[in-house]
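Some notes on the structure that comes next.
The values are calculated or read from the model by the stated rules, or taken from the named source; none is laboratory data. Note that the coordinates shown come from a computational prediction; the quantities given were computed from them, not determined experimentally. Note that each Cβ is placed from the backbone with ideal geometry, even for glycine, and that neighbours are counted across all protein chains shown.
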Number of protein chains: 2
Amino acid sequence: MAVGGALVGVGVELTTKSASATREGVPQNDVEPFYGIHQGGILTLPQRYTYVTAFDVTTDRRRDVADLLRHWTTVASRLTRGRPAGRLAEHAEGPDSGLDSGEALGLSAARLTINFGFGPTLFAKNGTDRFGLLGRQPYELTELPSFPGDQLIASQCGGDLTIHACADDPQVAFHGVRQLARAAGGVASIRWSNSGFNETAATSGTPRNLLGFKDGTLNPKTASELDRYVWVGYEGPAWMTGGTYLVFRRIRISLEHWDAASLGEQEHVIGRHKTSGAPLGKSSEFDALDLGARDSRGELLIPLDAHVRLTSPEENWGATMLRRSYAYDDGVNGSIDHESANQVPQTFDAGLLFACYQRSPLLAFVAIFEKLARNDALRKFTTHTGSAILAIPPAAARPGEWVGQKLFET
Amino acid sequence: MAVGGALVGVGVELTTKSASATREGVPQNDVEPFYGIHQGGILTLPQRYTYVTAFDVTTDRRRDVADLLRHWTTVASRLTRGRPAGRLAEHAEGPDSGLDSGEALGLSAARLTINFGFGPTLFAKNGTDRFGLLGRQPYELTELPSFPGDQLIASQCGGDLTIHACADDPQVAFHGVRQLARAAGGVASIRWSNSGFNETAATSGTPRNLLGFKDGTLNPKTASELDRYVWVGYEGPAWMTGGTYLVFRRIRISLEHWDAASLGEQEHVIGRHKTSGAPLGKSSEFDALDLGARDSRGELLIPLDAHVRLTSPEENWGATMLRRSYAYDDGVNGSIDHESANQVPQTFDAGLLFACYQRSPLLAFVAIFEKLARNDALRKFTTHTGSAILAIPPAAARPGEWVGQKLFET
């Protein structure tokens, strides 16, 4: 399958199915397709940086939301080709002379992908059918249950709309979010925003997260796996066919406590060897999990509460999701005990921007995490502080169409 | 001058003078020298990511601080060669089996540099000569004055020690800070930490900051300029010869307000054209500033309050500093008016991690910023929320020496 345009910023429209279908290993150019069947940033070979930004819709007019999505689609199609959001002429004056903020001038598209998502509150908020969309809300797009151990911060959760931008250059990714946020003025305002990074070597193997372990080894890969586990099919609703659902969790990892655990303890928590990524007792990352294997004393090699066991399809009736997570580091924070005026030590506010895509959140993330939240050995080191579930509709098929059009217009 | 080791992780000690002296354009390898005359990350061709992390010393024993600096030097020399901080053996058990957290396994050195700085409070805090170092405090290492418009957050300012890590891979940079923070246990604890990014194309021209303008055009470059303006010379104290002073400011930019200004307004604020970076009225980035040039109506082409005029050496009796700033984006934040329960809209907490190195902060940053804080047109869009001044001592000359040794031992 040919790549639809070798030059950045020339305006060639890419209509290929997906990035991963058009590229073999190293990118031939750094423009990822925008138009097609599925939105970008899902199958796309993971870029180095991500922004996940949620918006509250501030209008009560359905038409305004539709106009915003149409406009966002146009702007995103430009940005993902490495073009500015709007005119930026040297020496220009006047109200439309700065429609792009300029910090990506001279930079390439850096494999920028932008996808848009719809939260449950876009359909109904406080029991109100805000935009006449309630009848089209998918069964699967329902607020996540409250899990044991959740310490969610309300302002870091939910949102009516999301933008998910990924690129190999953080300035390109941030630039994209900034132009889209600006374009939303009067219709939607930012609720929360998270940024994350991946190690540079993501193209040469499974990247490691801040636990130091490889993350994403068992992702579905083949077209039939993706159709079965990731893409919405006949079950619909029709406007979601070819779409998927994103569950996003901001997971703080207590790095200080994790680092205080010995390597052996860490490997028992995860169920894999740290260096190789092999399941405990095996030697290669992609060796099959043998969940029944025991050591010479009769103990299970992979403990009952090991993360890899509890998340394995074998122990979840085949439930599978496509994980596409990033590390985050938001500096440090601590607190002051006002009674004693004691300073509680600053600790890293760092961890994982966990993102998983699946056809059925109820069968995948919710089912698996109901178990993890109760039993996972890793839960001693993690705290979920942010959460969202989003319907990720299919892509705009071609220029002139827009993301969400079938939801709003048909 | 030959590069002292082409292989990563082999343990070859680099003793070349500085990165910029050993590399021509594109890096020949991705290990930057650690030992030498000057610490890394100052002249080094800017990497893509930075971490600036400040520590409070929690011990009152001088020897503990010296031991920490000796240990930090050893660990940093390993990390900057792409090696783990300590042993990380597969299948290992025991207390020293996880001395490296592992997330940089398999990654290269990514041009990691780590430098260490000493704040004024290392010498005296609340009037106390904590470690018997007060007599060696440089005259130039004095708390910055309070500038008009400062809205500093105390917990984001100051610090006894700093680590400044830069790398082309954010995971490598964070990994470095994490290992060093861990190594500080019981002696120093993190006070604040900031992370920032640079556009990827920094190697191919002056990078743009989040204002969308090129930043760093007029940096000193020649050896004589650097000796005159950046490196501490005969004035001493002796332990600082070959060192420099870092002024760090976390500058929030009101991107929403900036983006609402037209291109023409923005260019008058900065005094340069946005696209080309040329001074107003000129056509090329490196055209000399003509601060007296006027248009046909007799108006100054570069306004009196333009940022480029107020920061120019011509208007500062030659004062010059080496700027090495990064963009930052820490998501969004807003506030709630508790009286009315009105939500104040979320805005980007984004801007500039401004860092400048100079031989004399009093003649350079302080003198220039006293003017800027009162007159700079850009001040309408910026808020300084974090601040620190650090003595950056010279590098450890060779293995066995450690950063700060001359301060503590002689």
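Structure above, values below:
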item	result
Some residue of the range A:245-252 being more than 14 Å from chain B (Cβ to nearest Cβ), surrounded by fewer than 18 Cβ atoms within 10 Å (Cβ to Cβ) and in contact with a Pro (Cβ under 9 Å, 6 or more places away or on another chain)	no
The range B:115-130, residues that are at negative phi and assigned to a loop (DSSP other than H, G, I, E, B)	B:GLY119, B:PHE123, B:ALA124, B:ASP129, B:ARG130
Subset tally (residues that are within 11 Å of chain B (Cβ to nearest Cβ) and farther than 23 Å from A:ILE389 by Cβ) for the range A:172-198	9
Single residue of A:THR206, A:THR241 found to be in contact with a strand residue (DSSP E or B) (Cβ under 6 Å, 6 or more places away or on another chain) and surrounded by fewer than 22 Cβ atoms within 10 Å (Cβ to Cβ)	A:THR206
Complete set of residues in the range A:269-284 that are under 14 Å from B:GLU103 (Cβ atoms), facing chain B (nearest Cβ under 8 Å) and either among the hydroxyl-bearing types (Ser, Thr, Tyr) or not in a loop (DSSP other than H, G, I, E, B) (or both)	A:THR275
Within the range A:371-386, tally of residues that are in contact with a strand residue (DSSP E or B) (Cβ under 9 Å, 6 or more places away or on another chain) and charged (D, E, K, R)	1
Some residue of the range B:48-56 being among the small types (Gly, Ala, Ser), modelled with pLDDT of 95 or more and not in a loop (DSSP other than H, G, I, E, B)	yes
Yes/no for A:GLY216 being surrounded by fewer than 21 Cβ atoms within 10 Å (Cβ to Cβ), modelled with pLDDT of 95 or more and closer than 23 Å to A:LEU45 by Cβ	no
Failed condition for A:GLY212, given (1) over 18 Å from the mean Cα position of the chain (by Cα); (2) at negative phi; (3) part of a loop (DSSP other than H, G, I, E, B)	(2)
Residue check, B:ASP169 surrounded by 23 or more Cβ atoms within 10 Å (Cβ to Cβ) and within 12 Å of chain A (Cβ to nearest Cβ)	yes
Selection status of A:THR74, in a helix (DSSP H, G or I) and surrounded by fewer than 22 Cβ atoms within 10 Å (Cβ to Cβ)	yes
Qualifying residue in the range B:137-159 (condition: crowded, with 23+ Cβ neighbours inside 10 Å, more than 9 Å from chain A (Cβ to nearest Cβ) and hydrophobic (A, V, I, L, M, F, W, C))	yes
Residues that are touching a Pro at 6+ places or on another chain (Cβ under 9 Å), among the aromatic types (Phe, Trp, Tyr) and assigned to a loop (DSSP other than H, G, I, E, B), drawn from the range A:219-235	A:TRP231
Selected residue [surrounded by 15 or more Cβ atoms within 10 Å (Cβ to Cβ) and either under 27 Å from B:CYS166 (Cα atoms) or within 14 Å of chain A (Cβ to nearest Cβ) (or both)] from B:ASP376, B:ASP330, B:ASP305	B:ASP330
Candidate set from the range A:103-136 (those that are under 19 Å from the mean Cα position of the chain (by Cα) and within 14 Å of chain B (Cβ to nearest Cβ)); member that is surrounded by the most Cβ atoms within 10 Å (Cβ to Cβ)	A:LEU112
Members of the range A:255-301 that are among the basic types (Lys, Arg) and in contact (Cβ under 8 Å) with a residue 12 or more places away in the chain	A:ARG272, A:LYS274
Residue within the range A:80-95 that is modelled with pLDDT of 95 or more and not in a loop (DSSP other than H, G, I, E, B) present	no
B:SER335 being surrounded by 15 or more Cβ atoms within 10 Å (Cβ to Cβ) and modelled with pLDDT under 95	no
Among residues of the range B:253-268, those that are more than 17 Å from B:GLY149 (Cα to Cα), more than 7 Å from chain A (Cβ to nearest Cβ) and touching a strand residue (DSSP E or B) at 6+ places or on another chain (Cβ under 6 Å), counted	1
